[in-house]
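Throughout, read-outs are computed from the coordinates displayed, never taken from laboratory work. Keep in mind that this is a model prediction, so the values were computed, not measured. Virtual Cβ from ideal backbone geometry, glycine too; neighbours counted across all protein chains shown.
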Amino acid sequence: MAAAAPERLRIALAGAVQGVGFRPFVYRLAREMGITGFVKNDGGGVLIEAEASAPMLRIFLDRLAEHAPRNAKVTARQVAAIAPRGDAGFAVVASAVEAAGTATIMADLAPCADCLREINDPADRRHRYPFISCVACGPRYSVIEALTYDRARTSLRHFPLCPACAAEYADPAARRFHAESMCCGACGPQLAL
Ligand SMILES: [Zn+2]
Ligand SMILES: [Zn+2]
């Protein structure tokens with residue numbers, strides 16, 4: 001029997017799905033499952049195109065629902081079959097600039113356990129840095145100037161990432177992969193005392 005032909009789904013998720021680590025979550029899940037395509041924020045929430053065999057895509061949809069990040073809340077999901085494109089891999093792509101926002105703006109999120117551990121660790125480069133954050137926590141409502149939720153549309157756009165932060169932002173294995181609000185004492189805002 002020949003291998004099943006790939007199918008491609010366009011999956012639009014609405015709700016509180018920006019600023020909660022949703023794109024890194026989708027990226028890791030897709031890579032783990034050998035699914036190709038992309039994920040991006042758009043004006044309505046998160047848009048995914050996923051290509052794989054039909055059974056694999058069914059599992060992917062189940063896992064998207066079951067393992068979503070803790071602070072995410074999907075209020076609507078639209079799935080449509082579209083023509084396969086044969087991408088080489090799976091990517092997080094930049095948001096469409098024209099996207100008008102109906103996505104839910106998140107409230108600021110209290111520091112997560114991982115960030116609290118870092119802020120209290122004298123060996124960590126964010127030791128006692130008050131503006132610590134990651135994909136799971138940190139400022140959201142306070143810094144968002146417009147949707148979609150991307151650093152370029154937050155007040156943190158005035159604070160370009162230092163090389164160490166830029167490396168974390170670009171590393172799919174890092175906790176701050178595409179963490180739009182992240183920074184550190186070297187590149188982020190300072191507390192004037
Ligand atoms: Zn955190
Ligand atoms: Zn930095």
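Quick notes on this structure:
- Net charge of the neighbourhood of Asp124, taken over other residues with C-beta under 15 Å away and scored Lys/Arg +1, Asp/Glu -1, is +2.
- Crossing angle, helix 54-66 versus the chain [Cα axis fit, 0-90 degrees, rounded to tens]: 30 degrees
- The value of relative contact order for the range 7-92, using C-alpha pairs under 8 Å at least six residues apart, is 51 percent.
- Residue with peak Gaussian network fluctuation, the chain [Cα springs, cutoff 10 Å], from Pro55, Pro139, Pro24: Pro55
- Note on the chain: GNM, Cα springs under 10 Å; of Cys134, Cys162, Cys183, the largest mean-square fluctuation is that of Cys162.
- Cβ-derived FRET efficiency at R0 41 Å, Arg63 paired with Asn120, nearest 0.05: 0.80
- Three-way shape label, the range 105-193, alpha-carbon gyration tensor, a/c 1.5: rounded
- On Cα atoms only, tilt of 22-33 relative to the major axis of the chain in degrees: 50 degrees
- GluC sites (Glu not before Pro) restricted to the range 112-185 and DSSP loop, no more than 12 other C-beta within 10 Å: Glu145
- Packing-based exposure ordering (other Cβ within 10 Å, fewest first) of Met56, Met182: Met56, Met182
- Partnerless cysteines in the chain, where a partner means another cysteine C-beta under 4.7 angstrom, comprise Cys115, Cys134, Cys165, Cys183, Cys184.
- Theoretical FRET efficiency, 1/(1+(r/R0)^6), r = Cβ-Cβ of Arg10 and Cys162, R0 45 Å, to 0.05: 0.75
- Qualifying trypsin sites (Lys or Arg not before Pro) for the range 58-88 [loop in DSSP, other Cβ within 10 Å: at most 16]: Arg70, Arg85
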